[in-house]
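Comments concern the structure below.
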Amino acid sequence: CCRRVVRVSGNWAICRAERAFARPSRKHYHGRSFAIESVMKFAIAVFSAAHAPSSRRALLFARAVIEGGHQITCLFFYQDGVYNAASSLVTPQDEPDLARQWRELVEEHQLDAVVCIAAALRRGALNAEEALRYNRTATVEAPWVLSGLGQLHDAAQSADRLICFGGA
């Protein structure tokens, strides 16, 4: 199976999201052709903060994947993407609260939402265990899980596609 990493920038994810989904394959049985719908497994990596446009595109893409009947094997937040999981963010009233929307999506669909522990520590986003270790205040709560980059590697191996949003 082909494993492709796709970097998304601009409006590319929204305009071309449907092309990332599987097309029906044709199966032949005794001379008859049947269309079989394939369910794709996606791993989504978010590298941008909650206020960045690419974080919103990632959220819209994740919703489109679920609405299309496909699966999300893992949501991985890395670099500034860890801010999407921080409960300490305050969003201005005239802007969408993407951190809250991510939390609602993860809880509603019981998704595996992983925050890179090294990136989180570097940005002061700590869960209860790490906050106790460093004598700080916890800002990352359930449903988010702090873990290493190995989780992203495992997700990429188990998914049909790894889609990345944001980053340099």
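The values are calculated or read from the model by the stated rules, or taken from the named source; none is laboratory data. No experiment lies behind these values; they were computed from the predicted model shown. Virtual Cβ from ideal backbone geometry, glycine too; neighbours counted across all protein chains shown.
General observations
- Across the stretch 47-63, the qualifying residues are those that are not in a helix (DSSP H, G or I) and not hydrophobic (A, V, I, L, M, F, W, C), and the one among them that is nearest to PHE165 (Cα to Cα) is SER48.
- Residues considered: GLN93, GLN151, GLN71. Of these, the only one that is without any contact (Cβ under 8 Å) to a residue 24 or more places away in the chain, more than 16 Å from GLY166 (Cβ to Cβ), out of contact with any Ser or Thr (no Cβ under 9 Å at 6 or more places or on another chain) and not hydroxyl-bearing (Ser, Thr, Tyr) is GLN93.
- Residue match in the stretch 130-139 (condition: in contact with a Lys or Arg (Cβ under 9 Å, 6 or more places away or on another chain), farther than 19 Å from ARG100 by Cβ and at pLDDT below 95): yes
- Residue within the stretch 101-113 that is touching a residue at least 40 places away in the same chain (Cβ under 8 Å), in contact with a helix residue (DSSP H, G or I) (Cβ under 7 Å, 6 or more places away or on another chain) and small (Gly, Ala, Ser) present: no
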